[in-house]
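The values are calculated or read from the model by the stated rules, or taken from the named source; none is laboratory data. Just so we're clear, the structure is a prediction, and the values are computed from it rather than from any experiment. Note that we place each Cβ from the backbone using ideal geometry, even for glycine, and neighbour counts take in every protein chain shown.
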Amino acid sequence: MKEMPDFESERLQFYALKASDLHSIHELYSILEVAQYNTIGIPKNLAATRRVLSARLDSSDRTELGWVLRDKDNQFVGEMGLKEAAPRFQKAEISYSIHPDFWNQGFASEALKRLLQQAFDVLHLHRIEAGVAVANAASIRVLEKAGMQREGRHRDILPLAWGWSDNFSYALLASDFQNKKG
């Protein structure tokens with residue numbers, strides 16, 4: 001996957017993930033409400049967070065890209081990632097975590113829509129996928145607001161802190177995105 005320069009949306013700045021961002025992301029991942037539907041759980045320390053994000057930080061391995069989200073006042077809002085499948089599939093899986101201080105204000109939807117635009121227009125991907133725990137109603141709303149379509153359900157696939165969870169699979173094709181824009 002090629003590099004993508006920093007970019008912005010109406011209220012957000014997207015900065016390529018750097019090692020100096022790990023502390024903010026570790027704090028985000030350590031919030032119980034954020035970790036509730038996250039399969040990595042709460043990282044034990046900063047080194048564990050670094051291991052989780054290592055593929056996004058390693059410039060020699062560009063199968064994953066990561067961004068820190070900041071508002072126009074430079075406040076940390078959250079993070080997003082894009083993990084590429086084998087190049088012949090021209091697809092990637094998207095992930096995101098937003099700080100609870102910014103929940104229910106449209107930041108996640110705005111960020112996802114903008115990252116989808118970048119993924120299709122700059123990276124020229126064919127398909128973007130996302131998975132979400134079936135009980136994660138807020139994230140389901142975010143995916144659907146961005147135009148992603150539910151394609152299926154996987155039973156007991158997510159090992160969450162409270163037990164196994166089903167997962168909904170969502171996707172958006174480049175052609176769907178272009179038709180929605182036009």
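General observations
- Residue within the range 46-65 that is within 28 Å of Gln178 (Cβ to Cβ), part of a strand (DSSP E or B) and in contact (Cβ under 8 Å) with a residue 60 or more places away in the chain present: yes
- Check on Ser109, part of a strand (DSSP E or B) and either under 15 Å from the mean Cα position of the chain (by Cα) or crowded, with 17+ Cβ neighbours inside 10 Å (or both): no
- A residue that is free of Cβ contacts under 8 Å to residues at least 60 places away in the same chain, among the aliphatic types (A, V, I, L, M), farther than 18 Å from Leu28 by Cα and buried (at least 17 other Cβ atoms within 10 Å of the Cβ) occurs somewhere in the range 144-161.
- All positions within the range 144-182 that are among the small types (Gly, Ala, Ser), assigned to a strand (DSSP E or B) and over 22 Å from Ile98 (Cβ atoms): Gly152, Gly163
- Of note, Leu32 does not satisfy the criterion of being within 13 Å of the chain's Cα centre (by Cα) and modelled with pLDDT of 90 or more.
- Within the range 15-40, the set of residues being over 13 Å from Ser97 (Cβ atoms) and either among the small types (Gly, Ala, Ser) or surrounded by 14 or more Cβ atoms within 10 Å (Cβ to Cβ) (or both) comprises Tyr15, Ala16, Ala19, Ser20, Leu22.
- Flag for Arg141 being part of a strand (DSSP E or B), farther than 21 Å from Glu64 by Cβ and basic (Lys, Arg): no
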